[in-house]
Each structure stands twice: as C-alpha cells, then as structure tokens.
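Chemist: The structure that follows is given in the form of structure tokens.
The values are calculated or read from the model by the stated rules, or taken from the named source; none is laboratory data. All of these numbers come straight from a predicted model, not from anything done at the bench. Positions of Cβ are generated from backbone atoms using ideal geometry, with glycine treated the same way; all protein chains shown enter the neighbour counts. These area figures cover heavy atoms from the full protein model, side chains too; ligands, DNA and RNA do not enter into them. Shrake-Rupley method; radii C 1.70, N 1.55, O 1.52, S 1.80 Å.
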Amino acid sequence: MIPGLVGKSEMVVKGEDLVSQLGSIDVDVLSTPRLIQLLEGASVNAIQNFIPSDQLSLGTQVRIKHLSPTPLGMKVTAHAILKEVDKNRLFFLVDAYDEKEKVAEGEHERLLVPKELFLQKVERKKVR
C-alpha cells in the first residue's frame, strides 16, 4: 500500500439514511452512522485495487466530526486519502461535502488481515 492513494464515495440521502429512522430525533437529515458508512466506503475505494486476494480490509476505528446536517434528497460526496501505512494498519484522512458545504471531517483506520484466519474466527464464534 502506498500513502497518497485516494478514494471517493457518493450518495443521495434517502429515507433509510435519515436520523429519524433511528428513533432518536424526528428530523429528516442524514444520520451519523450512515455518514460513517459513506466515509468507510471512500476509504475502501482508495485501496480496493491494491488488496491481495487472500486479505481483507476491516474498519477498526473511526473518529469524525459531523459538522452540518444534510437534508433528504441532497447528494453527499465522501473523500479518503491514505495518510500512513504501518505494517498492516492503514490510516486515512476523510471528509465529506453535501451540495452546500463540508459536512464531516476526521480519521479512519483499517486493518489488513488474512481472509482465511478471519473467516475461521467468525465460524468459531458462531459455534460458541
């Protein structure tokens, strides 16, 4: 992996993306969990062509500021840049903009792990 790789992810805010679907606030704006998913998608898009077929990229940390609300029907674009690589740990700078302004900024960490070992761990957990 090479620092400097960039990725992008876009969406139009739909009903299932709204904070009102979480039951906490009756306002139709983009929820933070869905925004995080979009930012993670941009990070994955930055590296997807460089991940060996026997490896998986797993999100391990997200630290963002959700700066501004985005209403239903508005387009949001997330960006990620691979800032640093430390062995199998990948560190990204992420941000997102809606059609009017910056709506998020922060950092995201992903881990490259052997696919087979990860799947074995999942199976062991299922049978406990």
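Chemist: Any chance you could count how many residues in segment 62-91 are closer than 24 Å to residue 13 by Cα and open to solvent by less than 80 Å² (accessible area, probe 1.4 Å)?
Modeler: 14
Chemist: Another question about this same structure. Looking at 61, 48, 55, can you tell me which residue is touching a helix residue (DSSP H, G or I) at 6+ places or on another chain (Cβ under 7 Å) and among the polar types (S, T, N, Q)?
Modeler: 55
Chemist: Hey, another quick one. Among the candidates 123, 99, 107, single out the residue that is open to solvent by 60 Å² or more (accessible area, probe 1.4 Å) and touching a Phe, Trp or Tyr at 6+ places or on another chain (Cβ under 8 Å).
Modeler: When all the criteria are applied, what remains is 107.
Chemist: Between a residue in segment 21-45 that is free of Cβ contacts under 8 Å to residues at least 40 places away in the same chain and hydrophobic (A, V, I, L, M, F, W, C) and any residue that is assigned to a helix (DSSP H, G or I) and surrounded by 14 or more Cβ atoms within 10 Å (Cβ to Cβ), which pairs come within a Cβ distance under 6 Å, given they are 6 or more apart or on different chains?
Modeler: Listed by first residue and then by second, the contacts come to 25/19.
Chemist: Which of the residues belonging to segment 1-28 are under 12 Å from residue 76 (Cα atoms) and either touching a strand residue (DSSP E or B) at 6+ places or on another chain (Cβ under 9 Å) or part of a strand (DSSP E or B) (or both)?
Modeler: If the condition is that a residue be under 12 Å from residue 76 (Cα atoms) and either touching a strand residue (DSSP E or B) at 6+ places or on another chain (Cβ under 9 Å) or part of a strand (DSSP E or B) (or both), then 8, 9, 10, 11, 12, 13, 17 are the ones that fit.
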